[in-house]
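K.L.:
This is the structure I want to talk about, given as structure tokens.
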Amino acid sequence: MTIRNRLTLRFTGLVSSILLLTFVSIYAFCWYFISLDFYRRLDRKALTTGELLIRHKIDADLIRQLGRLRKDQLPDQEIVVYDQRDSIVFATKESHTVLLDKAILADIRQQRQKDFRRGTYYISGIRFGTTAGEYVVIASAQNDYGDEFLRQLLLALTGLFCLIAAITAISGWAFAGDALRPMQQIDRTVSDIFPNNQDERLFISKEDDEISRLSMTINQLLDRVAESFRLQRMFVANVSHELKNPLTQISSQLEVSLLKQRDPDSYRQTIRSVLDDVGDLNALTHELLQLSQVNQENAANLLTNTVRLDELVWDVREEVASLHLRCQITVELGTLPDDPDQLTVQGNRTLLGTALKNLIENACKFSDDGRALVQTHFGQKSVAIQISNTGQPIPEADLPYIFQPFYRSRQTADLRGYGVGLSLVDRIIRLHGGKVSGTSTTDKQTVFTVELPR
């Protein structure tokens with residue numbers, strides 16, 4: 001069932017329920033007061049007859065004549081008086097329309113007064129106690145006007161209920177369609193966006209309603225999807241380019257070696273060159289493998305160590321200094337907290353070491369003098385590590401893209417590398433719930449800051 005149909009049914013059901021409750025209350029109210037008024041009239045007639053016949057001993061024929069002369073006679077009215085032996089001692093009609101059994105008469109004597117119905121007749125019974133015994137006066141009549149009014153009221157309310165329910169259903173169908181029209185427009189637009197119109201976005205109205213916020217959210221999602229597609233295409237293109245160069249060099253060198261007979265030294269030189277290219281391919285494959293393995297799905301299995309960052313910084317410094325003799329790395333730990341627990345974070349020591357190693361190696365590589373400065377700041381809720389160097393600044397236009405895989409700026413195009421290191425750093429730090437950022441100023445000061453939550 002469509003949302004439009006469900007909304008129509010629910011709206012119609014709600015209005016119909018309220019309307020039905022209202023109409024039933026109106027009918028019950030009218031029925032109660034019409035019946036109550038008619039019973040009161042019967043009570044007065046029974047009470048008057050009992051007073052005249054039993055209290056004042058007026059002749060029965062005179063009472064009948066007085067009753068026929070009165071203008072307030074009820075339809076098919078009859079008054080019957082029973083004595084203590086349940087025998088009829090007075091009746092306004094010769095042929096009785098309503099006869100009561102002894103159980104009902106006994107009930108009236110017990111309750112003193114009782115109103116009830118039998119068929120179309122309304123009956124009111126009153127007990128009169130005298131020294132001679134207890135009498136029961138019964139007054140009965142048909143409430144033609146009241147019953148007809150209730151029948152007409154029932155028909156009118158039923159017809160009005162059906163009419164209003166139909167109008168409500170039609171209106172609910174129209175209102176539901178109008179309310180869902182923006183959703184249908186969103187559905188059509190999103191269906192048309194992929195794969196042909198990826199730059200198209202949903203229209204956002206000036207009204208700050210739920211549809212506008214939903215359209216804004218969908219537009220943001222489409223932006224992220226488009227950006228993912230762009231990064232995927234760029235990633236594939238860059239990987240193909242990085243793999244193509246060494247493969248082309250290997251193929252060219254081997255083809256040249258096969259063109260003619262050469263001396264052993266030439267072959268050894270070719271083999272060493274091919275091995276260098278194979279080593280480049282192996283290094284690239286290793287970095288791509290690392291990049292693919294660091295993802296949020298493995299966070300629970302990877303982040304199981306308690307890492308002391310001051311020790312990690314010194315270990316990484318020693319490792320980079322031993323691998324790159326040109327690097328001169330200075331570590332400033334700043335003011336260390338008294339509590340050793342504030343020096344630790346929950347994470348993976350190997351991954352954090354890889355991230356710091358890449359940042360420090362880059363700082364040394366792009367520094368004018370091979371120097372890099374590592375500074376740590378330990379706070380109550382987070383730990384910050386800054387790696388800075390002095391060298392050619394990163395162009396401002398390149399800063400938003402430096403953490404994308406295989407991105408290479410113009411100033412790094414001639415340097416050895418694959419553009420994977422900073423992307424791996426960013427993914428590792430985000431895996432630990434932190435963030436990494438880079439700034440570069442015109443005074444040749446480049447700073448990368450890593451923030452990790454404690």
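Here, each number is a calculation from the coordinates, and none is a lab measurement. Here the structure is a predicted model, which is why all the values come from computation and not from measurement. Quick reminder, even Gly has a Cβ in these numbers, built from the backbone with ideal geometry, and neighbours come from all protein chains shown.
K.L.:
Only one of the listed values, [x] 286; [y] 349; [z] 145, was derived from the coordinates as volume of the Cα convex hull per residue in Å³; which label is it?
P.N.:
Given [x] 286; [y] 349; [z] 145, the structure-derived one carries the label [y].
K.L.:
Collect residues whose amide H, placed 1.01 Å from N in the peptide plane, falls under 5 Å from the amide H of residue 382; neighbours closer than 5 in sequence don't count.
P.N.:
Amide H neighbours of residue 382, under 5 Å, 5+ apart: 454.
K.L.:
What does the highest-first list of 437-447, 40-50 look like by mean Cβ count within 10 Å?
P.N.:
Highest-to-lowest ranking by the protection proxy: 40-50, 437-447.
K.L.:
Non-local amide H neighbours of residue 90 (under 5 Å, H modeled in plane, Pro and chain starts lacking H): which ones?
P.N.:
Result for residue 90 returns 81.
K.L.:
Turning to a different aspect of this structure: Using θ = phi - 60° and the Karplus form 6.51 cos²θ - 1.76 cosθ + 1.60, what ³J(HN,Hα) does each residue of the stretch 132-137 get, whole Hz, x for Gly and Pro?
P.N.:
Result, rounded to whole Hz: 7, x, 9, 9, 10, 9.
K.L.:
Additional query: Straight-line reach only, C-alpha to C-alpha below 20 angstrom: list the aspartates and glutamates that residue 93 could link to, leaving out same-chain residues fewer than 8 apart.
P.N.:
43, 51, 59, 61, 72, 76, 78, 83, 101, 144
K.L.:
Once the Cα atoms of helix 210-259 and of the chain are each reduced to a long axis, what angle between those two axes, in degrees from 0 to 90 to the nearest 10, is obtained?
P.N.:
30 degrees
K.L.:
Then there is this: Using the 10 angstrom Cβ neighbour count as an exposure proxy, how do 364, 30, 327 rank, fewest first?
P.N.:
Taking fewest neighbouring Cβ atoms as first place, the list is 30, 327, 364.
K.L.:
To the nearest 20 debye, what is the magnitude of the charge dipole of the chain about its Cα centre, counting +1 on the Cβ of each Lys and Arg and -1 on the Cβ of each Asp and Glu?
P.N.:
Dipole of the chain, to the nearest 20 debye: 1980 debye.
K.L.:
In addition: Any aspartates and glutamates with Cα under 20 Å of the residue 444 Cα? List them, leaving off those in the same chain fewer than 8 positions away.
P.N.:
Straight-distance partners of residue 444: 361, 368, 369, 396, 398, 414.
K.L.:
How far is helix 349-365 tilted off the main Cα axis of the chain, in degrees rounded to 10, range 0 to 90?
P.N.:
The angle comes out at about 50 degrees.
K.L.:
Roughly what angle does helix 421-431 make with the longest principal axis of the chain, taking Cα atoms, 0 to 90 degrees, to the nearest 10?
P.N.:
30 degrees
K.L.:
Just in the stretch 32-126: which GluC sites (Glu not before Pro) are loop by DSSP and have at most 12 other Cβ atoms within 10 Å?
P.N.:
Answer in residue order: 94.
K.L.:
State the cysteines of the chain left without a partner when partners are defined as other cysteines whose beta carbon lies under 4.7 Å away.
P.N.:
Those would be 30, 162, since no other cysteine Cβ in the chain comes under 4.7 Å of theirs.
K.L.:
Amide H neighbours of residue 118 under 5 Å, at least 5 residues apart or on other chains, H built in the peptide plane: list them.
P.N.:
For residue 118, the qualifying residues are 123.
K.L.:
With +1 on each Lys and Arg Cβ and -1 on each Asp and Glu Cβ, and nothing else charged, work out how big the dipole of the stretch 302-453 is about its Cα centre, in Debye to the nearest 20.
P.N.:
Magnitude of the dipole: close to 520 debye.
K.L.:
Something else now. Under the rule of -39500 (n - 2.57) per DSSP H run of 4 or more residues, summed and divided by the residues of the chain, what mean residue ellipticity at 222 nm is obtained, to the nearest 500 deg cm²/dmol?
P.N.:
Computed ellipticity for the chain at 222 nm equals -19000 deg cm²/dmol.
K.L.:
When a/c reaches 1.5 or more, the comparison of a/b and b/c decides; with that in mind, is the stretch 3-149 rounded, prolate or oblate per its Cα gyration tensor?
P.N.:
prolate
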